[in-house]
Amino acid sequence: MKRSAPLKVATAILLMSALQPALATTITFDEYSANNSNSALSSLYAPLGVTFGGSNSGIWDGLSAGDIGNWALEGSNGSAFLGNNGFNNGGSYVTSIYFETLMSNVSFDVSRSNGSAAGQSLIASAYNGSDLLSSQTILLGAVNSWTSIAFGYGSISSLIITGSTTGFSPFGLDNLQFNNTVLGGLDLGDNNVTAIPEPETYALMLAGLGLLGVVARRRRSQPPVSA
């Protein structure tokens, strides 16, 4: 028996809703008031499944909010940013980011800040436990010139961002985005957490279910076909 056009449409909509990936979570560092000190950011974003190692220099207000720390930076997504001036790590510049569940895609923006020398670079590395998945070396541009870095399609448990080892090498980090290895709420990898469907997914599912209901009512109202 051939399926009717409405039934085909309803089936397609339900499939689209099931296959729609969860949108990335974004941390702009403007979600909370900046501490504007060298107090390291650690578990403030734990409710989002993200924690930070203790070697960063905390959240700072950018240029439009007074630039209290004299970083000469304006965040790439809002004013605030996560800084690293080496204060909490003996003069070396390492920012560590840990994810509670494995992530398939992670990206962030980075810029060198006031007092750093031109031509500096940093290394960003993605790990699954102790296993190195990927590493990128990024040549930084001018102060307050943000560079986007992305890691994709891996089971990422942590990021380690290491600044230059030459001279004073402070940098800022902003616009951290991540999503996990799920698709439409179904686990496709090592992640054991089910994603919460986005509103658009719910809308597609409801539309598909509504069309299926219409098809069912029409079939019930049709008179039986005589032999």
### Task
Return the total of residues in region 74-95 being assigned to a loop (DSSP other than H, G, I, E, B), open to solvent by 20 Å² or more (accessible area, probe 1.4 Å) and touching a strand residue (DSSP E or B) at 6+ places or on another chain (Cβ under 7 Å).
2
### Message
Criterion first (exposed (fewer than 15 other Cβ atoms within 10 Å of the Cβ) and either out of contact with any strand residue (DSSP E or B) (no Cβ under 7 Å at 6 or more places or on another chain) or β-branched (Val, Ile, Thr) (or both)) does residue 118 satisfy it?
### Response
yes
### Query
Take the residues of region 136-163 that are open to solvent by less than 20 Å² (accessible area, probe 1.4 Å) and assigned to a loop (DSSP other than H, G, I, E, B): which is farthest from residue 38 (Cα to Cα)?
140
### Summary
Log entry, pairs with first residue in region 174-186 being over 13 Å from residue 23 (Cα atoms), second being assigned to a strand (DSSP E or B) and at pLDDT below 55, beta carbons closer than 6 Å, six or more apart or on different chains, reads none
### Task
Just name the residue that is most open to solvent (accessible area, probe 1.4 Å) out of those in region 27-73 that are touching a residue at least 60 places away in the same chain (Cβ under 8 Å) and among the β-branched types (Val, Ile, Thr).
28
### Query
Among the numbered criteria (1) among the small types (Gly, Ala, Ser); (2) at pLDDT below 95; (3) under 15 Å from the mean Cα position of the chain (by Cα), which single criterion is violated by residue 49?
(2)
### Summary
So, first residue on the phi > 0 side of the Ramachandran plot in region 119-139, second residue in a strand (DSSP E or B), Cβ within less than 9 Å, six or more apart or across chains; the pairs are 119/139; 129/157; 129/158
### Query
All but one of (1) free of Cβ contacts under 8 Å to residues at least 40 places away in the same chain; (2) open to solvent by 10 Å² or more (accessible area, probe 1.4 Å) hold for residue 98; which doesn't?
(1)
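The values are calculated or read from the model by the stated rules, or taken from the named source; none is laboratory data. Computed from a predicted model, the values in this text were never measured in an experiment. Positions of Cβ are generated from backbone atoms using ideal geometry, with glycine treated the same way; all protein chains shown enter the neighbour counts. Each accessible area value is taken on the protein alone, full model and side chains, heavy atoms only, with ligands, DNA and RNA left out. Shrake-Rupley method; radii C 1.70, N 1.55, O 1.52, S 1.80 Å.
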